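Taking it in order: structure first as structure tokens, then the write-up.
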Amino acid sequence: MAGNLTPMMQQYLQIKEQHKDALLFFRLGDFYELFFEDAITASKELEITLTGRDCGLEERAPMCGVPYHSVEGYISRLIEKGYKVAICEQLEDPSKAKGIVKRDVVRIITPGTLVETSMLDEKSNNYLVSLCRGGEIWGLSIADVSTGEFLISEVKYDKLIDELTRIQPSEIIIDETMEEREPEFLHLIKKRLDVYVTPYHSWTYDKGTSYKRLLRHFHVHSLEGYGCAHMSHGICAGGALIEYLSETQKNALQHINKIQTYHVDSYMVLDFHTRRNLELIETMRSKQKKGSLLWLLDQTNTAMGGRLLKNWIQQPLTDVSKINRRLDAIEELTKDQFLMEALKENLTLVYDLERLASKICYGTVNARDLISLKESVGVLPGIKNSLAGCTSDLLKDIHENLDTLEDIYSLIDESIMDNPPITIKEGNVIKDNFNEQLDHYRKALTEGKNWIASLELKEKEQTDIKTLKVGFNKVFGYYIEVTKSHLDKVPDHYIRKQTLVNAERYITPELKEVEEDILGAEEKSMKLEYELFTQIRSNIAEQVKRIQNSANRIALLDVLWSLAKVALDNGYTKPIVNNDGIIHIADGRHPVVEKTLSHEQFVPNDTYLDMDENRIMIITGPNMAGKSTYMRQVALIVLMGQIGSFVPAQKATIGVVDRIFTRVGASDDLAAGQSTFMVEMSEVANILNNATPNSLLILDEIGRGTSTFDGLSIAWAVVEYICDNENIGAKTLFATHYHELTKLEGQYKGVKNYRVAVKEYGDDIIFLRKIIKGSADRSFGIQVAKLAGLPIPVVERAKIILDELEKSDAHNVVRQHEFSHQLTFFDKNSAEIETILKKVDIVNTTPIEALNILNELVDKINDD
């Protein structure tokens, strides 16, 4: 078949053979064309016309195309739909090519390798992750090619999914053999993360190969200086990631110039459920930023600051000194309104320096981008001067180490026109007096055009043809046009070039000579401008590390400014953060809920938890009274304190916690065939297996997904287990409708009863939203149902049934049932239950196994 194909189509198929897994965008003039199966796929996905092209075969090749100047939008849509796109460019000027124009793929675009700002959320990173397994340890490498960020870490399997949910990668690359070795894991991450997974060459994950690849890319002789030399699995993941980027991006990746090593233990651990339940980045229902903690705290002025704040919220610190450095800087900002205003004035003028630096290294930056860079670095001296008098460590460090990049500003200011066009190949980009040769061409061009302008006047006078005019088009060049009514006056030295309906067009030898000078100067001028621009771009690319360092400090300053602004606007206070293990909050408020209330004042509440007498708060009270809001509020205040933010309280002391766990609300995973109760028990098991004495646990209505006895038994057992210092002993907020649990206050050290205060008016109640000591003796379920809008006949009937139940013996049995350390079984099942109990390995049984055994025993007891 190849012998019958046209040369161009042979070239296409040769290139396509090397990129079978991608849609090949093949450059033909001003269009990118797709052929055969790629064309059929793209026309369907992009809803563009499918046509055909003669290719040397009997049937025309299916074809569709998109204009080169608007290709980004089409590529973005294909990437969102899960396709890879290979960009095949013309590597030489078609007008100078001998035979077929040379073409090749210059870049492969995947979800994790986007750098185009039009395809990215400016305040979110676009992470690409590489994974390498070594037993229970997983190597993890992360890159954002749009900013140049590159990280290496190692995590245990039980923390890997949580870490990936934090990172939210757009794409994950894996050793191609993992598809067979780890099918369940791959299914899990695809389901949990909805992420594009790319199997990649196994040889790139070889330790020796990866190590050498990293050394070669980062131009070092050892990885010791980066602190990751001991992370053998992380190195394997990192080496494979650099190889993948090199293969797909086909450039030197100059902006990826350092390795950041991080350890998950340096940050508060937040699992998937906690991030979701606390609505840190997005709300649970709408999946939108509005209504989340990030929405509240994000007052950043720059895209870089927005991305850094998002990372801070998802990675609270556990190092007290680092936390207090942030708090001290924010405190200094809140006390100086003039400094806040001066910083805002300058920060709002800073463009996305990180992504501009990446575009410079990619060679995709245009003249307008360089003007954005100039305007950004132009305000750096003002920012530096504003910080001159600061005394807090972080602000002093920013002032002392902020590179104002004045040489880069001067280079762009001297060379690039203030309002350049988008294209960089058609001139009007470089300023006058920057390059002598360019000035010479421009002078020749100007003088030539002035001569032509004067030619028209001169010829009119000499020929006495008042309607004569001098014009230009790309086909014939410059010409003299005479209407047919004046043809008898045309001089003999005019040479006819073109005949129109009402006129003739002529040229003269002198006109053509000047035309050659003008057009030659114009062509040479545009070519030289492009060469000068690429040289300027290369010179700036050599300073990319400096630009990135300044960008990092501006991002840090912007986040501190944002947190200070939020603190001032909302009356937040500076918390005392230490390692004493005490959480003491006076008049704490839920940061997001108080901002969304429109017609009522948020009711603040106190909290006191320690490692001794006040470890577990058993919180009772009716539904809708505010128990869940209160517990989330405590968790958010602790989390905000540990990211270094002021907090919504009159005062607060926060003993650093290593993890926050939440089990709040229903979260049925019906698609996986799991019931509410099964999901709840799985989450509880995760908490009991991983919590430490330094954790903070938020547990809401444990056991409500099953029968009353079962649920009460499980809730009771969970509290007992947490309460035991040999098991966990963590600070815990435990909301429940099982009033029987309030008896634990007298039986176990550290358990305290609290309730939500309500006010009764006859059959109605008012929620006071105040958490006070003591336990609720009623659930107020019928009153809450009435508030929720149940029909009055239903409410009245419920009252009658409740009254009958309260008088019945069955209810008294439930009410008088006392839990003890002994269990009484029905005689008919005692032998079977005894057999089950004898098989229990008390030493090695996990909490979730214990809960399952308990559930089985309850079923036996209830079995008729």
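A few notes on this one:
- Check on residue 726, among the charged types (D, E, K, R) and at pLDDT below 90: yes
- Of all residues in the range 734-757 being more than 18 Å from residue 607 (Cα to Cα) and among the hydrophobic types (A, V, I, L, M, F, W, C), the one that is farthest from the chain's Cα centre (by Cα): 744
- Note on the range 98-123: residues that are more than 16 Å from residue 74 (Cα to Cα), open to solvent by 20 Å² or more (accessible area, probe 1.4 Å) and within 15 Å of the chain's Cα centre (by Cα) total 3.
- Scope the range 1-23; condition open to solvent by 60 Å² or more (accessible area, probe 1.4 Å) and under 30 Å from residue 200 (Cα atoms); matching residues: 10, 14, 17, 18, 20, 21
- In the range 50-96, the residues that are at pLDDT 90 or above and in a helix (DSSP H, G or I): 68, 70, 71, 72, 73, 74, 75, 76, 77, 78, 79, 80
- Checking residue 262 against (1) closer than 30 Å to residue 107 by Cβ; (2) in contact with a Phe, Trp or Tyr (Cβ under 9 Å, 6 or more places away or on another chain), the condition it does not meet: (2)
- Counting only helices (runs of 4 or more DSSP H) that sit wholly inside the range 186-282, those with at least 3 residues that are open to solvent by 30 Å² or more (accessible area, probe 1.4 Å) and modelled with pLDDT of 95 or more are 207-218, 232-249.
- Residue in the range 452-501 that is nearest to residue 512 (Cα to Cα), counting only those that are among the small types (Gly, Ala, Ser) and within 60 Å of the chain's Cα centre (by Cα): 477
- Filter result (open to solvent by 90 Å² or more (accessible area, probe 1.4 Å) and part of a helix (DSSP H, G or I)) within the range 425-442: 436, 440
- No other residue among 514, 501 is under 15 Å from residue 448 (Cβ atoms) and open to solvent by 20 Å² or more (accessible area, probe 1.4 Å) apart from 514.
- Scanning the range 316-327 for residues being assigned to a helix (DSSP H, G or I) and either under 27 Å from the mean Cα position of the chain (by Cα) or of a type outside the set (Gly, Ala, Ser) (or both) gives a total of 7.
- Residues satisfying the stated conditions in the range 445-496, i.e. in contact with a Lys or Arg (Cβ under 9 Å, 6 or more places away or on another chain), open to solvent by 60 Å² or more (accessible area, probe 1.4 Å) and of a type in the set (S, T, N, Q): 467
- Scanning the range 24-83 for residues that are closer than 22 Å to residue 170 by Cα and either surrounded by fewer than 16 Cβ atoms within 10 Å (Cβ to Cβ) or of a type in the set (D, E, K, R) (or both) gives 45, 72, 73, 77, 80, 81, 82.
- Tabulated pairs, the range 576-603, first touching a residue at least 60 places away in the same chain (Cβ under 8 Å) and at positive phi, second assigned to a loop (DSSP other than H, G, I, E, B) and surrounded by fewer than 15 Cβ atoms within 10 Å (Cβ to Cβ), C-beta under 8 angstrom, 6+ apart or interchain: 587/650
- Test: residue in the range 606-629 that is under 29 Å from the mean Cα position of the chain (by Cα) and surrounded by fewer than 23 Cβ atoms within 10 Å (Cβ to Cβ): yes
- Filtered by the rule that a residue be among the aliphatic types (A, V, I, L, M) and either closer than 24 Å to residue 81 by Cβ or at pLDDT 95 or above (or both), the range 161-180 gives 164, 167, 172, 173, 174.
- Residues that are of a type in the set (A, V, I, L, M, F, W, C), open to solvent by 10 Å² or more (accessible area, probe 1.4 Å) and in contact with a His (Cβ under 9 Å, 6 or more places away or on another chain) within the range 124-162 comprise 132, 137, listed in sequence order.
- Residue 526 meets all of the listed conditions (1) part of a loop (DSSP other than H, G, I, E, B); (2) at pLDDT below 95; (3) open to solvent by 20 Å² or more (accessible area, probe 1.4 Å); (4) in contact with a Lys or Arg (Cβ under 8 Å, 6 or more places away or on another chain) but one, namely (1).
- Filter result for the condition that a residue is modelled with pLDDT under 95, open to solvent by less than 40 Å² (accessible area, probe 1.4 Å) and among the hydrophobic types (A, V, I, L, M, F, W, C), over 697, 636, 712: 712
- Residue list for the range 283-310, restricted to those being open to solvent by 30 Å² or more (accessible area, probe 1.4 Å) and within 17 Å of residue 270 (Cα to Cα): 284, 310
- Where strands (runs of 3 or more DSSP E) fall wholly inside the range 585-662, the ranges with 2 or more residues that are in contact with a Leu (Cβ under 7 Å, 6 or more places away or on another chain) are 616-620.
- Residues of the range 491-506 that are closer than 17 Å to residue 478 by Cβ, in a loop (DSSP other than H, G, I, E, B) and among the aliphatic types (A, V, I, L, M): 500 alone.
The values are calculated or read from the model by the stated rules, or taken from the named source; none is laboratory data. Because the structure is predicted, anything quoted here is derived from the model rather than measured. Methodologically, a virtual Cβ is constructed for each residue, glycine included, from the backbone with ideal geometry; neighbour enumeration extends over all protein chains shown. In case anyone asks, the SASA skips ligands and DNA or RNA and just uses the protein heavy atoms, side chains included. Shrake-Rupley method; radii C 1.70, N 1.55, O 1.52, S 1.80 Å.
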